[in-house]
Amino acid sequence: MMEKTQEQVLATGQTEFERLLFGFADTVALKCALELHIADIIHSHGNGGSITLSQLASAIDTPFPNISNLARIMRFLVHKKIFTNCQSSDGGEPLYGLTDTSRWFLSENNTSFLNFHTHPLILNSWYSLSRCVIDGGSAFKSTNKSELWDVIKQNPQLNDIVNESMASTAKFNVGVILSEYKDGFVNIESLVDVGGGTGTFVTQVVKSYPHIKGINFDLPHVVATAQDHKGVITHVGGDMFQLIPKVDAVSLMYVLHDWSDEECIKILKNCRKAIPEQNGKVIIVDIVLEQQGQEAS
Ligand SMILES: C[S@@+](CC[C@H](N)C(=O)[O-])C[C@H]1O[C@@H](n2cnc3c(N)ncnc32)[C@H](O)[C@@H]1O
């Protein structure tokens with residue numbers, strides 16, 4: 001194989017560099033599609049869920065002096081496989097349709113996950129990344145002078161967005177866990193889901209294993225907004241760094257990745273105190289990194 005010339009090496013590097021540099025454009029384009037309700041409009045459109053550019057423009061609830069920017073953002077979103085764009089069978093204008101990805105930001109599927117991660121308080125925190133690499137701690141705290149969970153406590157609107165966002169992903173994750181971890185819940189009489197948000201995970205576990213006494217444990221202002229779930233589970237407000245209710249098993253779903261190693265050790269020590277010495281169980285559901293830093297499948 002021929003060696004690359006210096007120019008080819010530079011051009012490859014530049015392409016990769018620019019791909020990384022403009023990575024933020026994916027996020028803001030998703031947010032734009034969400035704010036203009038593009039997925040919902042396509043989904044509810046009569047023509048088998050596909051729509052022309054001019055139909056899309058007239059369905060967006062704002063007058064468009066000129067639709068060329070809508071065409072440009074749609075071209076980008078099609079390139080990113082968020083939407084499809086096919087020739088119509090009657091030879092008319094091309095039609096936009098949904099993909100498996102855009103179905104995730106239909107309002108019927110709950111868009112709060114995207115709303116949470118693109119919230120100005122969250123996005124602005126990324127500007128403090130280099131500061132927190134030097135100082136330690138979280139970029140959120142460097143920017144907002146308080147930790148995320150303390151800011152949420154003072155901001156009921158953000159509290160709702162975060163709780164809905166967690167509930168929407170938990171609803172999906174619990175289905176996978178229940179089908180893949182069948183035997184894991186059989187010998188448990190009582191389970192506390194620590195950092196369980198508004199209780200989606202433990203409620204679904206108890207519905208599948210009604211012999212389990214389920215407790216949803218989270219910060220007091222989070223459980224205060226949680227649904228009653230008609231007595232299926234109990235909500236307990238508290239601080240996992242202080243005390244976790246005594247049970248047979250503790251679950252921690254997407255909690256540990258928020259904390260430093262030292263803080264995780266404190267949480268896990270409190271989990272240990274909450275379960276029986278002999279046959280207690282801690283179930284951890286979280287992102288696992290392979291040696292190379294890639295997420296495990
Ligand atoms: C990333 S969310 C995960 C929520 C849920 N387990 C899920 O997967 O959808 C982390 C949760 O930890 C809770 N949390 C943060 N600090 C806590 C503390 N000191 N004690 C108990 N829960 C806490 C937050 O309120 C939030 O609901």
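The values are calculated or read from the model by the stated rules, or taken from the named source; none is laboratory data. Remember, predicted model here, so these are calculated numbers, not experimental data. All Cβ positions, glycine included, derive from the backbone under ideal geometry; neighbour counts span all protein chains shown.
Data overview
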| item | result |
| --- | --- |
| Any hit, segment 53-76, residues being at pLDDT below 95, more than 24 Å from the chain's Cα centre (by Cα), on the phi > 0 side of the Ramachandran plot and not β-branched (Val, Ile, Thr) | no |
| GLY175 vs. criteria in contact (Cβ under 8 Å) with a residue 24 or more places away in the chain, more than 12 Å from the ligand (Cβ to nearest atom) and either outside any helix (DSSP H, G or I) or surrounded by fewer than 15 Cβ atoms within 10 Å (Cβ to Cβ) (or both) | yes |
| Residue match in segment 142-160 (condition: within 16 Å of the ligand (Cβ to nearest atom) and within 22 Å of ASP40 (Cβ to Cβ)) | yes |
| Qualifying residue in segment 218-225 (condition: assigned to a loop (DSSP other than H, G, I, E, B), closer than 25 Å to SER112 by Cα and modelled with pLDDT under 95) | yes |
| Counted residues, segment 269-289 - those being closer than 21 Å to ASN216 by Cα, more than 13 Å from the ligand (Cβ to nearest atom) and among the hydrophobic types (A, V, I, L, M, F, W, C) | 2 |
| Filter result for SER125 (closer than 25 Å to GLY23 by Cα, in a helix (DSSP H, G or I) and at pLDDT 90 or above) | yes |
| GLY231, sole failed condition from (1) surrounded by fewer than 16 Cβ atoms within 10 Å (Cβ to Cβ); (2) on the phi < 0 side of the Ramachandran plot; (3) over 23 Å from the mean Cα position of the chain (by Cα) | (2) |
| Residue in segment 207-216 that is surrounded by fewer than 16 Cβ atoms within 10 Å (Cβ to Cβ) and either on the phi > 0 side of the Ramachandran plot or near the ligand (Cβ under 8 Å from one of its atoms) (or both) present | no |
| Candidate set from segment 226-254 (those that are more than 12 Å from the ligand (Cβ to nearest atom) and more than 12 Å from VAL192 (Cβ to Cβ)); member that is modelled with the highest pLDDT | VAL232 |
| Segment 86-112, residues that are assigned to a loop (DSSP other than H, G, I, E, B) and under 18 Å from GLU164 (Cβ atoms) | LEU106, ASN110, THR111 |
